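The block underneath contains the structure these notes are about, expressed in structure tokens.
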Amino acid sequence: MTASARTAVGVDVGGTNIRAARVGATGAMEDHLIEPVEAGREAFMAQLLRLVETVADDSTAGVGIGVPGRVDAANGVILSAGYLDIAGLDIPGRIRQRLVLEARVENDATMALIAEAHARPEVAQGLILMVTVGTGIGGAILLDGAPWYGGGISGQFGHMVVAGDGPRCNCGRRGCIETFSSGTALGRLVAEAGLQEGLKTRDVFQRAKQGDKTASDVLINWAGPFRRALDSALAAFDPRLIVVGGGLGQEMVGALSEIDNEGSWFGCPVEAAKLGDKAGVIGAGLRCFARDER
Ligand SMILES: [Zn+2]
């Protein structure tokens, strides 16, 4: 990256860590910093401003910030942010005031999807969905390279309903895939199956691979509702690609491969995210170069 090339600062706010880096239009990253996220609204804000100030240089043209939870991205308002107490903070306003840089806040899955799509130029046009599997299940929608927000918070794939009489979900409905196919749900399935408490996900996979029927049933019960939700989404939207990301994205794609995918009118590639935990920070920087909302 030459000194004259324009860059943006990407910031990825997670439940545990906050990352910041300078990102070029090619997706190349410089000065990548990672710190444990500070507790408390003002401590968090001070940390974010300090990281942006440290990473920004004369080439920096803007700042993108990905946060967990629901974001009214068109208006830059954080509606809720999981375990973090940052809802309602005017992050773009504070960055503008202190650093005279334009800033955009988005859901972290939107940022990760921008980076994953950038890494796959062959699907840059058209509709791409991302579903993230971690403690909960989230997602994002990109249409011709620009985020698609719907009425403001589209992409909440964790709340697609697959069983109307299923467990009650945080959102108020019953039987959302988050209650069946999240990391939290996998922990519950492991316990219910009588497998050793606290068994790591990779050990469940290992046992299933060695022919342990209990472990293999756990994975099928975990991934089955997820497959049904994806099937509904792809019949409805006909996307070019579905990227499965988040901390358990690779594992979910592995578990899906064990499920019979019977022939159907509908289909599209389902791939694991390939940028790992750097997707959020790269995408947050690239957001400043991306087209605006559809
Ligand atoms: Zn729900």
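Only one of GLU116, GLU106 is touching a residue at least 12 places away in the same chain (Cβ under 8 Å), more than 13 Å from the ligand (Cβ to nearest atom) and more than 21 Å from ALA272 (Cα to Cα). Can you tell me which?
That would be GLU106, the only listed residue that is touching a residue at least 12 places away in the same chain (Cβ under 8 Å), more than 13 Å from the ligand (Cβ to nearest atom) and more than 21 Å from ALA272 (Cα to Cα).
The residue list ALA193, ALA208 contains one member that is open to solvent by less than 30 Å² (accessible area, probe 1.4 Å), more than 12 Å from the ligand (Cβ to nearest atom) and farther than 26 Å from GLY82 by Cα, which is ALA208.
Within the stretch 151-166, take every residue that is in contact (Cβ under 8 Å) with a residue 12 or more places away in the chain and away from the ligand (no atom under 12 Å from the Cβ) and give me the one that is farthest from the chain's Cα centre (by Cα). Among residues in the stretch 151-166 that are in contact (Cβ under 8 Å) with a residue 12 or more places away in the chain and away from the ligand (no atom under 12 Å from the Cβ), the one farthest from the chain's Cα centre (by Cα) is GLY152.
Among the residues of the stretch 131-142, those that are under 22 Å from VAL77 (Cβ atoms) and more than 13 Å from the ligand (Cβ to nearest atom) comprise THR132, ALA140, ILE141, LEU142. Here GLU122 passes the criteria (1) in a loop (DSSP other than H, G, I, E, B); (2) over 30 Å from GLN47 (Cβ atoms); (3) out of contact with any helix residue (DSSP H, G or I) (no Cβ under 7 Å at 6 or more places or on another chain) except the one numbered (1).
Quick check: anything in the stretch 120-130 within 16 Å of the ligand (Cβ to nearest atom), open to solvent by less than 40 Å² (accessible area, probe 1.4 Å) and in contact (Cβ under 8 Å) with a residue 12 or more places away in the chain?
no
Being within 15 Å of ASP260 (Cβ to Cβ) and open to solvent by 10 Å² or more (accessible area, probe 1.4 Å) is the filter here, so list the residues in the stretch 226-243 that pass it. Hits for the stretch 226-243 are ARG227, ARG228, ASP231. Going residue by residue through the stretch 155-170, is there one that turns out to be touching an Asp or Glu at 6+ places or on another chain (Cβ under 6 Å) and in a strand (DSSP E or B)? No, the stretch 155-170 contains no residue that is touching an Asp or Glu at 6+ places or on another chain (Cβ under 6 Å) and in a strand (DSSP E or B).
Residues that are of a type in the set (A, V, I, L, M, F, W, C) and touching a Phe, Trp or Tyr at 6+ places or on another chain (Cβ under 6 Å) are absent from the stretch 90-98 altogether.
Mind checking whether some residue in the stretch 167-182 is surrounded by 20 or more Cβ atoms within 10 Å (Cβ to Cβ), under 23 Å from GLY280 (Cβ atoms) and more than 10 Å from the ligand (Cβ to nearest atom)? Checked the stretch 167-182: at least one residue is surrounded by 20 or more Cβ atoms within 10 Å (Cβ to Cβ), under 23 Å from GLY280 (Cβ atoms) and more than 10 Å from the ligand (Cβ to nearest atom).
The values are calculated or read from the model by the stated rules, or taken from the named source; none is laboratory data. What you see is a predicted model, and the numbers here were worked out from it, not measured in a lab. Neighbour counts run over all protein chains shown; Cβ positions are idealised from the backbone, glycine included. With ligands, DNA and RNA removed, areas are computed over all heavy atoms of the protein, side chains included. Shrake-Rupley method; radii C 1.70, N 1.55, O 1.52, S 1.80 Å.
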